[in-house]
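The values are calculated or read from the model by the stated rules, or taken from the named source; none is laboratory data. It should be emphasised that the depicted structure is a prediction, and the values quoted were computed from it without experimental measurement. We place every Cβ from the backbone using ideal geometry, glycine too, and count neighbours over all the protein chains shown. Ligands, DNA and RNA are stripped out before the accessible areas are found, and what is left, the full protein with its side chains, is counted by its heavy atoms. Shrake-Rupley method; radii C 1.70, N 1.55, O 1.52, S 1.80 Å.
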Amino acid sequence: METPTNAVPPSILKPSARSIATSKWPNDPSTIDKYNWLLHVMYGRGEYDRIQQFIRVQPQTNPYMTYVQALVNRQEGRIAEALDLFQKSVVENPTLVNIKQVAKSLALLGRYRVAIDAYKEALTRTTNDWEVFHNLGLCYMQLREFNEAKQYFLQALQVSEIQEASYIALGKVLLLEGERDEAEAIFERGARRNPESPTLFTHIGLLAFERAHYTKAFECFGTALTFCPTHIPAIMAACQVIQKHGDADVALSKYRIIYGRKPECAQVWNNIGMCFFSKKKFVAAVSCLKRANYLAPFELYVLYNLALVHLYLQQNASAAIFLQSAIRINRKHAPSYALLGVALSKLNDSDNAERAYAYSLKLDSADPMTLLNYGIFQANTGVSPAKINSTMQQFHRCYAERAAAAANPRDIDASMLDVATKLGYPAPPPAPPSDLPTEKLSFPSGLPPPPAFPFSTNSNRPADDSASNVPPPPPPSASSTLSPSDSTKDDDPTKQSPPDEPEVKTKIYDANRHKLRRMKQEPT
Amino acid sequence: MRSSNGSKLMNISLFRRRQYETCVEVTTRLLAKSPNDQVAWLLKMRALTEQLYVDETEVADDGLAEMLDENAFHQAPMPGTSMRQPTANPNSGINGPSPAMRPMTMTGRPITGMLRLNTQSTQGGKSVEHVLKTARTAATARPVTTATGRFVRLGTASMLSTPDGPFIQVGRLNLPKYAQNQALARSLFEHLFHHANDVRTAQQLAIHANEYAQNKDWWWLVQIGKCYHRLDMFRDSEKHYILSLEVQPMVDTYLYLAKIYLRLDQPLLAISKLREGLEKFSHEPCLVQAIARIHEGLNDMTQSIDYYRQVLKLDNTNIEAIACIAANHFYNDQPEISLKFYRRLLQMGVTTSAVLCNIALCCFHAQQYDMIVACFLKALAVATVDEDRAEIWYNIGEMALYTSDIQLAIQCFRLALVYNNDHAEAYNNLGLVEIQRSNHEIGRAYLQTAQSLAPHMFEPYYNYGKSMYQQGDLQSSFRAIKSSLDIYKKHSDSRHIYDELKQMFAEL
């Protein structure tokens, strides 16, 4: 209703002269409502100060003035005052519009229960107002009563099929309840009705990304970016896909765009760091990840990635410390424990390494990479072959499951099998190739087999755990070794970083507290 | 006679060895014996002066009163040409480090590597209103007047030293007579200026002497300039300094002149004068250092660091330059390099708690974990003031945060608050930690305390706004976020929330 109307010639937009004009008949409705058009125009143009001034000099107020004044107050962030004024207008004139505004103000103040009552009151006056249903849904969503919320959103969508906001909100509720399929269906439906909505397409893309349908995800992000080339979540997500494909340079150039807009975003720095890592620029990688950590010390994945990079750089103690921090943040994060096992075994603390592996497997017993690393660790510490055998059996089982589940062969890292073979436990299930071992495992007999170098990726779902297990780089002190095969896996693909949850609202509280470290200064 | 000569020589030796107090005692005795002994009188005068001598080039506390003065050349200067205007504020500058990466001082400048006059307390350049609003903490942002404690102390010092009245009765001096005796006049002037703190009489003496020297003596011209400077008559002061430079260029004079221009808020002119000085004295670290400081004040960190590096080339033990370069490296994510510089400071014998604390911080960020605890312990042992201890505990807490050891972090921040109850950063972090542990009410209370203690930091506002936003109280959130954006205009996260709120408010 307050769309700017520019059709009015500018000459009559000067309220100063007229505003004071008092009429001879003060109660004549035509004079009271005479300047409503002017208020409307001024509100549309955002001239809030002038509106306030104008209303102040009026001899008497009319309902529309109160209404506009309330709107202005809300625009300027004084919601409580706006609420008062709206309530006043409800008392004067209990129309649907006014009741809705009261309800909305209450919702904005965070008083959802009261807001719901007000909206229900509004529902007694109308039954087909999309906004009422939608806002009711939002209120219930905030109160975490998802069933009610879903109901109202569905009603809202029945009333009006095209509202992007309702689709998004409904999808989010479903996601919060963990029903990905339904959420995806809702998003798809929304996208059909709103073919130009970057947000919806980003959501669809993210869901596809989570299920490792990368082509589809990329298409969706592409669509989103066509309609809004600067939609940050879409760019982030698209970068993610690019990174997953191992095209770090392209991803970096995209991240530059995001950096320009969000220089303090820890996720961006984290992803940039991992790009550099996959390009083997370790100093840059560490420094980017450090900055991410500086900006968001409570982000699990930043710490995890830091540990990964440091492990790769053979700085095992640092890696162990970063992992400890990561574990303190989330005590149920299995990959961290697994990595801690690797770090500890490199630090020659085999007891604790054993414990770390065991705990990690207790938390998540189906992660092939953990199992593989555990097997290698057992081989290194000279555990009885039977135990190693059982570990490796389990590894092959999990690996097979994972491989079967993965739609895309890129998702699962075949190099793990190579390592397993080298370890002396080639993949048994299909046809136990009993006699391969003769291909001498690259370890000279005397030396213990080199520890594996796990590169896990860490996206937060196990699904894309495509670890590229770089086969053993030089064993700690073995003079001989060679890099028999270590080179191959250079492309530690996709160290995915925390899938930058683009919805910033759900982002954990990464605020800036830390930036306040102040270096102390020294007085002369 | 001989003994008197001997004691005079001894006296001079005492003076040379900077044992001023004994020197004053001996000369007092001599003067009691023979009141007209000019040598003893001169010696005593100089000894008294030396006790209180300060380097005028380093002195300039801008007080609150200066905010009201109209000496600034432009009221609305171009960006980057003024220290006063918010335009020189990092939010709009390209070169300045982002406040998210490098903390700010109370007056909205990136924190410097070294605490010196005019870094903490000055020019910050906001409006008077803003200055008055700045929180009253134990270490307040700005002294209320220029007549700082030091000058007052100087004034009374003359009374204290001799119980029976001041050494020289200023009112009874025959200034024109003394002005003609060059040997005495200079010492007398310094005595009046530094010890008696009687600027007006000192100025009269200088004017008489200058008349006698017919504007040919640069020293007297500079002294007149200094007097005008002290009396806040900057244009007159500038005139005399320039005259003096024509007679004889001196390093000090350039520094004084630069100071005047800074007070007139023309930093670029000050830099150009200093450059002029550098042409004549091309290896003078003081001039380069002054340029570096001005660039720092303008938030032009790259230039500033360049100049500090030049200083180090000329004088490789310059503490300020080392500290500033180290701090800059630290905030540019190069803790290893920063560590080298701090180690250098330590090797030079600067073992203050701040240096040790900084070394510990650098060690942490460079992952040299074995050193951290030792350095912090040492820093705590060396710390003498409670503020220092508070800072050290705060930084330890920060380390604990980065290793996500929440309990330790909370304890450290509490300790920091014990030592310095106005530590806004500690309040802010405590608030965040509490919110992290989902004690929202307590956390918000801490954040609000931080807001009131440090209106120059955007973090408490942003954190509060975000917390409120998550809770759904959009009105409070909106207010807090707006304040955060006022302080740091380009903060993208604040901007994001702000935009979302705006949109929600605008929807019908």
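For segment A:158-179, indicate whether the set of residues that are out of contact with any helix residue (DSSP H, G or I) (no Cβ under 8 Å at 6 or more places or on another chain) and assigned to a helix (DSSP H, G or I) is non-empty. Yes, the conditions are met somewhere in segment A:158-179. Checked against the criterion of being open to solvent by 60 Å² or more (accessible area, probe 1.4 Å), more than 10 Å from chain A (Cβ to nearest Cβ) and touching a residue at least 12 places away in the same chain (Cβ under 8 Å), segment B:393-404 contains not a single residue that satisfies it.
Taken together, the residues in segment B:455-483 that are touching a Gly at 6+ places or on another chain (Cβ under 6 Å) and open to solvent by less than 10 Å² (accessible area, probe 1.4 Å) amount to 5. Could you check, for segment A:141-161, whether at least one of its residues is away from chain B (no Cβ under 12 Å) and either closer than 25 Å to B:Arg479 by Cβ or touching a strand residue (DSSP E or B) at 6+ places or on another chain (Cβ under 9 Å) (or both)? No: zero hits. Note on segment B:484-495: among residues that are over 21 Å from A:Gly46 (Cα atoms) and either within 8 Å of chain A (Cβ to nearest Cβ) or open to solvent by 30 Å² or more (accessible area, probe 1.4 Å) (or both), the one that is nearest to the chain's Cα centre (by Cα) is B:Ile487. Scanning segment A:124-133 for residues that are more than 10 Å from chain B (Cβ to nearest Cβ), in a helix (DSSP H, G or I) and open to solvent by 40 Å² or more (accessible area, probe 1.4 Å) yields a count of 1.
Residue under question is B:Ala270, and the condition is that it be within 30 Å of B:Glu296 (Cβ to Cβ) and either part of a helix (DSSP H, G or I) or open to solvent by less than 30 Å² (accessible area, probe 1.4 Å) (or both); does it hold? Judged against the criteria, B:Ala270 is a match. Inspection of segment B:233-255 finds a residue satisfying the criterion of being over 30 Å from B:Gly297 (Cα atoms), assigned to a helix (DSSP H, G or I) and touching a residue at least 24 places away in the same chain (Cβ under 8 Å). Residues that are open to solvent by 70 Å² or more (accessible area, probe 1.4 Å) and among the hydroxyl-bearing types (Ser, Thr, Tyr) were ranked within segment B:405-448; the one that is modelled with the highest pLDDT is B:Tyr419. For segment B:499-508, name all the residues that are open to solvent by 10 Å² or more (accessible area, probe 1.4 Å) and at the interface with chain A (Cβ under 10 Å from one of its Cβ atoms). Matches in segment B:499-508: B:Glu500, B:Lys502, B:Met504, B:Ala506, B:Glu507, B:Leu508. Regarding segment A:384-396, can at least one residue be identified that is under 31 Å from the mean Cα position of the chain (by Cα) and surrounded by fewer than 24 Cβ atoms within 10 Å (Cβ to Cβ)? So far as segment A:384-396 goes, no, none of its residues is under 31 Å from the mean Cα position of the chain (by Cα) and surrounded by fewer than 24 Cβ atoms within 10 Å (Cβ to Cβ). Counting only residues that are under 18 Å from the mean Cα position of the chain (by Cα) and without any contact (Cβ under 8 Å) to a residue 24 or more places away in the chain, which one in segment A:269-292 is farthest from B:Gln334 (Cα to Cα)? In this case the residue turns out to be A:Ile272.
For segment B:192-202, does any single residue satisfy the condition of being assigned to a helix (DSSP H, G or I), under 26 Å from B:Glu296 (Cβ atoms) and either at pLDDT 90 or above or open to solvent by 60 Å² or more (accessible area, probe 1.4 Å) (or both)? No, that holds for no residue.
Given the conditions (1) within 12 Å of another protein chain (Cβ to nearest Cβ); (2) open to solvent by less than 30 Å² (accessible area, probe 1.4 Å), which single one is not true for B:Ser304? In the conditions (1) within 12 Å of another protein chain (Cβ to nearest Cβ); (2) open to solvent by less than 30 Å² (accessible area, probe 1.4 Å), B:Ser304 misses (1) alone.
So is B:Asp333 touching a His at 6+ places or on another chain (Cβ under 9 Å), within 12 Å of chain A (Cβ to nearest Cβ) and open to solvent by 30 Å² or more (accessible area, probe 1.4 Å) or not? Here the answer is yes, as B:Asp333 does meet what is asked.
Conditions tested, residue by residue: (1) surrounded by fewer than 18 Cβ atoms within 10 Å (Cβ to Cβ); (2) modelled with pLDDT under 90; (3) facing chain A (nearest Cβ under 10 Å).
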position: B:Val350; (1), (2), (3): no, yes, yes
position: B:Ala354; (1), (2), (3): no, yes, yes
position: B:Ala360; (1), (2), (3): no, no, no
position: B:Cys363; (1), (2), (3): no, no, no
position: B:Tyr369; (1), (2), (3): yes, yes, yes
position: B:Val373; (1), (2), (3): yes, no, no
position: B:Phe376; (1), (2), (3): no, no, no
position: B:Leu380; (1), (2), (3): yes, no, no
